[in-house]
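One structure is given here, and the rest of the page talks about it.
The values are calculated or read from the model by the stated rules, or taken from the named source; none is laboratory data. Fair warning: this is a prediction, and the values are worked out from it, not measured in the lab. All Cβ positions, glycine included, derive from the backbone under ideal geometry; neighbour counts span all protein chains shown. Side chains included, ligands, DNA and RNA excluded: accessible areas come from the protein's heavy atoms. Shrake-Rupley method; radii C 1.70, N 1.55, O 1.52, S 1.80 Å.
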Amino acid sequence: MQMNTPPRSTIRLTRRGRAALIATGAVVAAAAVAVPLLTVGSGEGGAERPTSLVVPEGRRAVQVYESVDKALGLPAGSTKKSLAKARLSLPAEAQGNPEGYLFPATYPLPKKTTPESLLTFMVETAHKKFNGGQVTAGAQRNAMNVYQAVTIASIVQAEAATKADMGKVARVVFNRLERGLPLQMDSTLNYALNRSTLDTSVADTKIDSPYNSYRRMGLPPTPIANPGEDAMRAATNPPPGDWLYFVTVKPGDTRFTASYEEHLRNVAEFNERRGKQPSASTGSAPGSPSPASG
């Protein structure tokens, strides 16, 4: 279905669904968002090797590798180097990259745990969660395979401000894909730039990367993080709706719309609350929790 939309260069959906509008050739950078390390459980007194590793929803593979190194007391980079030996059971589309399949959960760390065994455990857990009947049926119902569903779920995990917003964010993704619009998500751009803070400029949106959803059509080639079950449910069973834009005006108030004019008004209100000039833009709202992968 054809939609009357403004030029693509003026549409921007941000990492947490807070749209930013590129105006007068510049973007006002948002405050840096610190990404916490994954947490680990420890023995009595905290002096012993950790007994478990917690992988929160939405962490990137590189963050998981770093935390496995730390938990197992290995030199930095050891877990990443172990990928070749791990022989993980991944979809063919992944081409050996486990991004999206290091499932968020709490993993025990027996004394004989190795990076290979732990990564294998994570991927096996992901397969159990992702290859069930509901996920597979939901993916097929939306004319995609499970790997594509995981990719969309990873974007939803990064973009949605709350669990309640996940389904609507997923619907925005589907609607933009169906209408031939670029996703223009900062979450994918930040993945390309290997950063976790939101500091997007016009120059950033012009980088040559398959993860730059400002320039490239369709989904990124891989997931951009490791999504949880809520994001997967949203990606495979989004609610009906015609939304194309969304912006978090204030914490707890994310507004979805199909109208670009209404979207502009919402963004203007957001900028007013931030004390910004109407022509300026920003990519993050204050007071919101840090996303899993920004």
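Taking θ as phi - 60°, what are the ³J(HN,Hα) couplings along segment 258-267 by the Karplus curve (6.51, -1.76, 1.60), each to the nearest whole Hz, with x for Gly and Pro?
9, 9, 5, 5, 5, 4, 4, 5, 5, 5
Please give the Cα centre distance for segment 204-250 versus segment 134-180, rounded to the nearest Å.
What the calculation gives is 7 Å, centre to centre.
Checking the cross-link filter: which aspartates and glutamates have an alpha carbon closer than 17 Å to that of LYS250, excluding same-chain neighbours under 8 positions apart?
GLU159, ASP165, GLU262, GLU269, GLU272
With each label point set 7 Å from Cα along the Cα-Cβ vector, what nm distance links ASN194 and THR114?
2.7 nm
How many nm is it between the label spots at VAL202 and LEU177, if each spot is 7 Å from the Cα in line with the beta carbon?
Label at VAL202, label at LEU177, 3.1 nm between them.
At a 1.4 Å probe radius, carbon and sulfur cover how many percent of the accessible area of segment 102-152?
For segment 102-152, the apolar C and S fraction of the accessible surface comes to 57 percent.
Can you spot the lysines whose alpha carbon is less than 24 Å from LYS70's alpha carbon? Ignore those fewer than 8 places along the same chain.
Excluding near neighbours in sequence, the set is LYS80, LYS81, LYS85, LYS111, LYS112.
Based on Cβ point charges of +1 for Lys and Arg and -1 for Asp and Glu, what charge dipole magnitude is obtained for segment 167-254 about its Cα centre, in debye rounded to the nearest 20?
Around 160 debye, computed over segment 167-254.
With every protein chain left in place and a probe of 1.4 Å, what is the accessible surface of LEU109, to the nearest 10 Å²?
LEU109 exposes around 10 Å² with every protein chain in place.
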